[in-house]
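S.K.: Shown below is the structure under consideration.
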Amino acid sequence: DQQVKQNSPSLSVQEGRISILNCDYTNSMFDYFLWYKKYPAEGPTFLISISSIKDKNEDGRFTVFLNKSAKHLSLHIVPSQPGDSAVYFCAATVDSGTYKYIFGTGTRLKVLA
Amino acid sequence: DVKVTQSSRYLVKRTGEKVFLECVQDMDHENMFWYRQDPGLGLRLIYFSYDVKMKEKGDIPEGYSVSREKKERFSLILESASTNQTSMYLCASSLWAQGGDYGYTFGSGTRLTVV
């Protein structure tokens, strides 16, 4: 049972436009959500987080939105750059302290120059 | 900078071999994790540890064991390697109770091929 779902395996966006990556979850007890970016042959790197008490968190070009009633999370990248081309994973946890995260299957973003 | 170092980038092992994957972190993190990444399946948690000698099963522990004798080192052991354990293995660490704001720090991964 996939508790964290990324239904789009891939996305292509023109440079300078907005990239929107989506993530749905089923467990209403999740209280922290993260996005990671992963380049080939490298480990994932932490991008941005949001707790369940917020509905938006912004860091530079990256904004994460949380819609708890819809159990939906999205990552907006504005403006998109070719260096943003990577696989993006969303992750969620209910487990404070250990923060054992459950990851989605990932979305491959390609930003076209 | 926090560093999580995985001893091998690429490994090729034979079916039935005992395989050790090593992970070392240098920032005194309490929590350490082993995930595997497979196409279409994302990252799946194998085992994690929140203290020395403490370990808990993740979602897919079958065929694996772990060892954490020192805080900085977390080893993943494939008792008898099988071809379905061919995968990218990722080690991660985090501070206790700070994983919400800062997430994990991952190593670069070990791509294991079992033939």
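Please treat every number below as a calculation from the coordinates, not as lab data. The structure presented is a predicted model; accordingly, all values stated were derived computationally and were not measured. Backbone-built Cβ (ideal geometry, glycine too); neighbour counts: all protein chains shown.
S.K.: Evaluate the relative contact order of chain B (contact order divided by residue number), counting alpha-carbon pairs under 8 angstrom at least 6 apart; express in whole percent.
M.R.: Result for chain B is 36 percent.
S.K.: Let me ask another. Going down the table (A:Lys68/B:Lys57; A:Lys100/B:Lys57; A:Lys38/A:Lys71; B:Lys18/B:Lys71), which pairs top 18 Å between alpha carbons?
M.R.: A:Lys68/B:Lys57; A:Lys38/A:Lys71; B:Lys18/B:Lys71
S.K.: Here's something else I'd like to know. Normalising by the residue count of chain A, find the relative contact order in percent from Cα pairs under 8 Å and 6+ residues apart.
M.R.: That works out to 36 percent.
S.K.: Once the other residues with Cβ under 14 Å from the Cβ of A:Gln81 are scored (Lys, Arg +1; Asp, Glu -1), what is the net sum?
M.R.: That sum, taken over residues with Cβ under 14 Å, equals +2.
S.K.: Something else now. With a sphere of radius 11 Å drawn around the Cβ of A:Ser28, what net charge do the other residues whose Cβ falls strictly inside it have (Lys, Arg +1; Asp, Glu -1)?
M.R.: Net charge in that neighbourhood comes out at +1.
S.K.: Report the rotationally averaged projected area of chain A based on its alpha-carbon convex hull, in square nanometres.
M.R.: Over every viewing direction, the Cα hull of chain A projects on average to 7.0 nm².
S.K.: Return P(r) of the protein assembly as shown (all Cα-Cα pairs; 5 Å bins starting at 0; whole %; ordered from short to long distances).
M.R.: Answer for the protein assembly as shown: a P(r) of 1, 7, 15, 19, 19, 16, 12, 7, 3, 1, 0 percent.
S.K.: So if I average 1/r over every pair of distinct C-alpha atoms in chain B and take the inverse, what Kirkwood radius in Å does that give?
M.R.: Result for chain B, one decimal place: 14.0 Å.
S.K.: Taking H placed 1.01 Å from N in the peptide plane, check which residues at least 5 places from B:Arg111 or on another chain put their amide H under 5 Å from its amide H.
M.R.: B:Tyr10, B:Leu11, B:Tyr89
S.K.: Roughly how far apart, in whole Å, are the Cα centres of the stretch A:72-102 and the stretch B:10-73?
M.R.: 22
S.K.: Now for a separate question. Under a point spin-label approximation (7 Å from Cα along Cα-to-Cβ), what is the B:Ser82-A:His72 distance to one decimal in nm?
M.R.: Output for this residue pair reads 4.0 nm.
S.K.: Shifting gears a bit: Excluding A:Ser19 itself, what net charge comes from residues whose Cβ is under 14 Å from its Cβ, given Lys and Arg +1 and Asp and Glu -1?
M.R.: +3
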